[in-house]
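To start, the structure itself, in structure tokens.
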Amino acid sequence: MQQTAVIYTRVSTEEQAKEGASLEAQERLCKEYCIRQNWIILKVFREDGVSGGKIDRPALQKLLDYVSKNKGKVNFCLVHKIDRFARDLSIHAQIKGRLIKYGVELKSVTEDINNTPTGKAMEGMLAVFSEYYRNNLSCEVSKGQRERVLQGYWPFPAPIGYLNGFRDSFNGPIKKLKKPDCEYIKKALEDFAIGILQTPADFRRYLNETIKKYKWRKTPIAKQQSFNILYNIFYAGYACLPSLGILQKGKSESMISLETFQKVQDRLKENSRKKYKRMPVNETFPLKEKCYCLDCGYKITGAYATGRSAKYPFYRCDRGCKLGKRTKSISKDDFEEMFVIYVEKVKPQKRYIKLFNAVILDYYNKKINEKKNNVKEAEFKVNTLKERQEQLIDLITEAKQKGNSQRKVLYENKLDQIENDLLSMQTVKKDDEISVSEFGTVLETCKQLLENPIALWKNGDIYRKIAIQNMLFPIGLQYNAKIGFGTTEINVAYSSIKALEDHQTEKSNLVSRPGLEPGTICLRGKRSTD
């Protein structure tokens, strides 16, 4: 009986989704793979501009609903690469668990994953790569955003009433006022500041009435969007990063004065509307981000105790459960030392890590050679398409000069097709080039994470420490005074290596020691009575 498959494609940004090249390239390669495997394609699910670190993706949820309703009828879920499926270890495990529940096996066009011990280990490492890439990218993006804000630039998409895509004389990204949108928003903010518009609801209602009357926007302003406008100091000409407490005079043009903005904030306080502010990450207490009390389930947090001459950091349970041997709190040094001991305890044996790394390295050496060949092939196709593109441009110019509109339209249609193929092929080439260039760095970091995670943790900044904690323990850690640290789930790569350890142990138990006879019971000699 012919086997069946559903295809899942994803890009992370709306810009990529609008261009569509990567989605089309992923879909085309998945369909070609299905043809080679002689699989029937039941449905294609396209995820436009959604991060792989989220589980509530529209197309993904539709896919899971589809395989649930068609349980037993779908054999495979096919993706171009594992990182298209998920860039978070815990999310990867959750989604794959649901697929297995419905009898669906995950398959990748570019990676050899299967249900053998090596295949499972491979999938675990690939999931680690995806998680590392996402966490590392998030860390680097946060640093980049901080620097941008300190320079006065807004490192996020333009707020309502502004336009993206402009640069100042220093080549920094600036936002420009979008007319007539900015005029209506400015008037609404000024009217709110002086009390003509009494409440945030009045503010939103006024904007939506102008939208309905003057058509300056396709969709009405939602409740959350109206609050975003009211609370955003960018409209007063400032760049701000609340999570790090950074406020800087901005390079983009302001819509209202700082005085007007302050009046708006005063009015909001009068209306008892408080904006939620994410507490900045505390560098002193890295373990409080994802650590829970085993007794009550609440988070373990950090605080300071004031002594006669200094302040002393400690960890404590939010509900007041006992964490120390005799006290409710435990010192920061003791708590983090126990964490280090626990990580060393769950870390796989070094010889199995080396075996695992050897398997991964051998696999990727083959894959890297394939990628390099793919890059060469794609480069040849790109050059061929560019030559054809130039020829068609010349033919279009010639047809236009001769007044042959029919030929001109024919050539233009062909040119559109060539340009789409060119964009798609350039995307494939770029993906393969990135895979080749980044693999060495990612592999080395992952090896360090497997072999000596504590060194990375101790030497990293707060964001790196949290990223490593999340990678080692995807759903967090639990702790109480009697048991110490524990968790219900460890890193996929660690659990894969553990499976290798168990497999090797089982094999060694089945093989007798060479040169030894089976043991016999020693019997005391007795003279026969016969």
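Mind checking which pairs have a first residue in segment 383-402 that is closer than 9 Å to Ile418 by Cβ and surrounded by 13 or more Cβ atoms within 10 Å (Cβ to Cβ) and a second that is modelled with pLDDT of 80 or more and of a type outside the set (Ser, Thr, Tyr), Cβ under 9 Å, 6 or more apart or different chains?
Correct list of pairs: Arg388/Lys414; Leu392/Lys414.
Go through the residues of segment 302-311 one by one and say whether even a single one is out of contact with any Lys or Arg (no Cβ under 7 Å at 6 or more places or on another chain) and surrounded by 13 or more Cβ atoms within 10 Å (Cβ to Cβ).
Checked segment 302-311: no residue is out of contact with any Lys or Arg (no Cβ under 7 Å at 6 or more places or on another chain) and surrounded by 13 or more Cβ atoms within 10 Å (Cβ to Cβ).
Mind counting the residues in segment 54-70 that are at pLDDT below 90 and either out of contact with any strand residue (DSSP E or B) (no Cβ under 8 Å at 6 or more places or on another chain) or β-branched (Val, Ile, Thr) (or both)?
Adding up the residues that qualify gives 3.
Filter segment 305-341 down to residues that are assigned to a strand (DSSP E or B) and touching a residue at least 12 places away in the same chain (Cβ under 8 Å), then give me how many there are.
10
From (1) of a type in the set (Gly, Ala, Ser); (2) more than 18 Å from Asp266 (Cβ to Cβ); (3) buried (at least 16 other Cβ atoms within 10 Å of the Cβ), pick out the condition that doesn't hold for Ala222.
(3)
Name the one entry in Ser257, Ser252 that is of a type in the set (S, T, N, Q) and buried (at least 17 other Cβ atoms within 10 Å of the Cβ). Give the steps one after another, and end with the answer.
Details: Ser257 fails: buried (at least 17 other Cβ atoms within 10 Å of the Cβ).
Within the list Ser257, Ser252, the selection yields Ser252.
Any residue in segment 184-199 that is in the same structural domain as Phe227 (by TED's automatic domain parsing) and touching a residue at least 24 places away in the same chain (Cβ under 8 Å) sitting within a Cβ distance under 6 Å of a residue that is of a type in the set (Gly, Ala, Ser) and crowded, with 17+ Cβ neighbours inside 10 Å? List the pairs, counting only those 6 or more apart or interchain.
Final answer for the pair search is Ile185/Gly161.
Please go through segment 35-59 and pick out each residue that is in a loop (DSSP other than H, G, I, E, B), touching a helix residue (DSSP H, G or I) at 6+ places or on another chain (Cβ under 6 Å) and basic (Lys, Arg).
Listed by number, the list is empty, since nothing qualifies.
Please work out if Asn373 is surrounded by 13 or more Cβ atoms within 10 Å (Cβ to Cβ) and farther than 30 Å from Ile462 by Cα. Working first, answer last.
Details: surrounded by 13 or more Cβ atoms within 10 Å (Cβ to Cβ): no; farther than 30 Å from Ile462 by Cα: yes.
Answer is no for this residue.
Rundown of residues vs (1) within 23 Å of Gly49 (Cβ to Cβ); (2) in contact with a helix residue (DSSP H, G or I) (Cβ under 9 Å, 6 or more places away or on another chain); (3) at pLDDT 85 or above, yes/no style:
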| residue | (1), (2), (3) |
| --- | --- |
| Tyr133 | yes, yes, no |
| Gly152 | no, no, no |
| Pro173 | yes, yes, no |
| Asp202 | no, yes, yes |
| Lys218 | yes, yes, yes |
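Return the residues of segment 189-228 that are over 37 Å from the mean Cα position of the chain (by Cα) and among the aliphatic types (A, V, I, L, M); say none if nothing qualifies.
Across segment 189-228, the qualifying residues are Ala193, Ile194, Ile196, Leu197.
Any idea which of Gln478, Gln469, Gln426, Gln448 is assigned to a helix (DSSP H, G or I) and at pLDDT 80 or above?
Of Gln478, Gln469, Gln426, Gln448, the one residue that is assigned to a helix (DSSP H, G or I) and at pLDDT 80 or above is Gln469.
I want to confirm something. Restricting to segment 165-219 and keeping residues that are of a type in the set (D, E, K, R) and part of a loop (DSSP other than H, G, I, E, B), which single residue is farthest from Asp266 (Cα to Cα)?
Only one residue fits best here, namely Asp168.
From (1) at pLDDT 75 or above; (2) closer than 25 Å to Asn491 by Cα; (3) touching a Ser or Thr at 6+ places or on another chain (Cβ under 6 Å); (4) basic (Lys, Arg), pick out the condition that doesn't hold for Arg10.
(3)
Have a look at Glu337, Glu283, Glu270, Glu370 and point out the one that is at pLDDT 75 or above and within 30 Å of Ala201 (Cβ to Cβ).
Step by step, each of Glu337, Glu283, Glu270, Glu370 is checked, and only Glu270 is at pLDDT 75 or above and within 30 Å of Ala201 (Cβ to Cβ).
Residues that are surrounded by 19 or more Cβ atoms within 10 Å (Cβ to Cβ), aliphatic (A, V, I, L, M) and either touching an Asp or Glu at 6+ places or on another chain (Cβ under 6 Å) or at pLDDT 75 or above (or both): does segment 30-53 have at least one?
Checked segment 30-53: no residue is surrounded by 19 or more Cβ atoms within 10 Å (Cβ to Cβ), aliphatic (A, V, I, L, M) and either touching an Asp or Glu at 6+ places or on another chain (Cβ under 6 Å) or at pLDDT 75 or above (or both).
The values are calculated or read from the model by the stated rules, or taken from the named source; none is laboratory data. Model, not experiment: these values are computed from the prediction. No Cβ is skipped: glycine too gets one built from the backbone with ideal geometry, and neighbour counts run over all protein chains shown.
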